[in-house]
1. Among (1) within 10 Å of ligand 1 (Cβ to nearest atom); (2) surrounded by fewer than 20 Cβ atoms within 10 Å (Cβ to Cβ); (3) more than 19 Å from the chain's Cα centre (by Cα), there is one condition residue 70 misses while meeting the rest; what is its number?
2. Quick check on the range 15-30. Is at least one of its residues modelled with pLDDT of 95 or more, of a type in the set (Ser, Thr, Tyr) and crowded, with 21+ Cβ neighbours inside 10 Å?
3. What number of residues in the range 41-54 are surrounded by 15 or more Cβ atoms within 10 Å (Cβ to Cβ), part of a loop (DSSP other than H, G, I, E, B) and in contact with a strand residue (DSSP E or B) (Cβ under 7 Å, 6 or more places away or on another chain)?
4. Return the pairs, sorted by first residue and then second, in which the second residue is acidic (Asp, Glu) and in a loop (DSSP other than H, G, I, E, B), the first residue lies in the range 154-174 and is under 11 Å from residue 128 (Cβ atoms), the beta carbons are less than 7 Å apart, and the residues are 6+ apart or on different chains.
5. Based on this model, can you work out whether residue 89 counts as open to solvent by less than 40 Å² (accessible area, probe 1.4 Å) and either more than 9 Å from ligand 1 (Cβ to nearest atom) or of a type in the set (Asp, Glu) (or both)?
6. Look through the range 1-14, keep the residues that are within 13 Å of residue 83 (Cβ to Cβ) and open to solvent by less than 50 Å² (accessible area, probe 1.4 Å), and return whichever of them is nearest to ligand 1 (Cβ to nearest atom).
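The values are calculated or read from the model by the stated rules, or taken from the named source; none is laboratory data. Here the structure is a predicted model, which means the values were calculated and not measured. No Cβ is skipped: glycine too gets one built from the backbone with ideal geometry, and neighbour counts run over all protein chains shown. When the accessible area is computed, the model is the full protein with side chains, heavy atoms only, and any ligands, DNA or RNA have been set aside. Shrake-Rupley method; radii C 1.70, N 1.55, O 1.52, S 1.80 Å.
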Amino acid sequence: MEKTHCHIVVLISGNGTNLQALINASTTSNFRVVAVVSNNHEAFGLQRATVADIPALVVDHDNYSSRQDFDRKLIEVIDAFDPELIVLAGFMRILGPEFVQHYQGRILNIHPSLLPAYTGVNTHQRALDAGDKEHGVSVHFVTDELDGGPVVAQEKIAVLTTDTAAQLATRVAAKEHIIYPKVVSWFAAGRLHMDADGAYMDHDKLPAGGVEIHPAAVQDSIRLP
Ligand code: NHR
Ligand code: GAR
């Protein structure tokens, strides 16, 4: 594995479609997925990793009597791969302060809402119930504040009057699979940073909604900031 690539460890709990998008993109990008870790041994994403010849490991939270013990085991397993970035991709366990501090400024999460709206679960139904005209996805740095770390990028979709939560989830997921590899490649290129007062791109502080990725810019990556 070439030294020029940023080594990432991806944490999952489920299907792993974002993991798959990252694996696919990595073959032509500046990062490599060096390990996949799940808290759930049934996560289908573990099979995706194995198919791609990537080490797939399980740290089952049920085997640890405290969150701190689980977090410490996770750190030990991850550190064996010496990654530069930890990528949460549908990872469903809250990470404690010790974990967050250990990888300070080096953990990203993808969340299916336009943060700060709808932290937590059921985001698509909640956007529908609120009558929102826009919905979308956010990528943010992970801090101790759940779904509250600085946003790096968002992509929006229009909500149609006929939409169901499942339809919204499908359209948001399609955006997720584009935005996440893109943000990870920015981090890998050394363009993204987090400090006490927010997220930075090329030394410029990002606004609250992060970099908004416009459809035209996705077509023409040269025009991206
Ligand atoms: N950890 C920290 N410290 N900060 C964040 O922003 C985090 C995090 C861990 C995961 C993902 C997140 C999301 O995008 C995430 C962000 C799980 C829960 C949760 O309540 C909440 C938010 C997120 C992930 N988990 C339950 C718990 O007790 C378990 C739920 C389950 O197993 O189904 O850990 O939404
Ligand atoms: C994605 O939609 C992701 O945004 C969301 O779970 C899905 C995982 O799908 N994440 C959260 O809700 C985080 N709590 P995937 O396993 O197919 O990538």
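1. Condition (2) is where residue 70 drops out.
2. Let us first name the residues in the range 15-30 that are modelled with pLDDT of 95 or more, namely 15-30.
Within this subset, residues satisfying the condition of being of a type in the set (Ser, Thr, Tyr) are 17, 26-29.
Filter once more, keeping what is crowded, with 21+ Cβ neighbours inside 10 Å: 26.
Within the range 15-30, one or more residues are modelled with pLDDT of 95 or more, of a type in the set (Ser, Thr, Tyr) and crowded, with 21+ Cβ neighbours inside 10 Å.
3. 2
4. Once the first residue is under 11 Å from residue 128 (Cβ atoms) and sits in the range 154-174, its partners that are acidic (Asp, Glu) and in a loop (DSSP other than H, G, I, E, B) give 159/132.
5. On the way: open to solvent by less than 40 Å² (accessible area, probe 1.4 Å): yes; either more than 9 Å from ligand 1 (Cβ to nearest atom) or of a type in the set (Asp, Glu) (or both): yes.
So residue 89 fits the description; yes.
6. Pass one, the range 1-14, residues within 13 Å of residue 83 (Cβ to Cβ): 1, 5-11.
Checking which are open to solvent by less than 50 Å² (accessible area, probe 1.4 Å) leaves us with 5-11.
Working: 5: 25, 6: 21, 7: 21, 8: 16, 9: 14, 10: 13, 11: 8 Å.
Among those that are within 13 Å of residue 83 (Cβ to Cβ) and open to solvent by less than 50 Å² (accessible area, probe 1.4 Å), it is 11.
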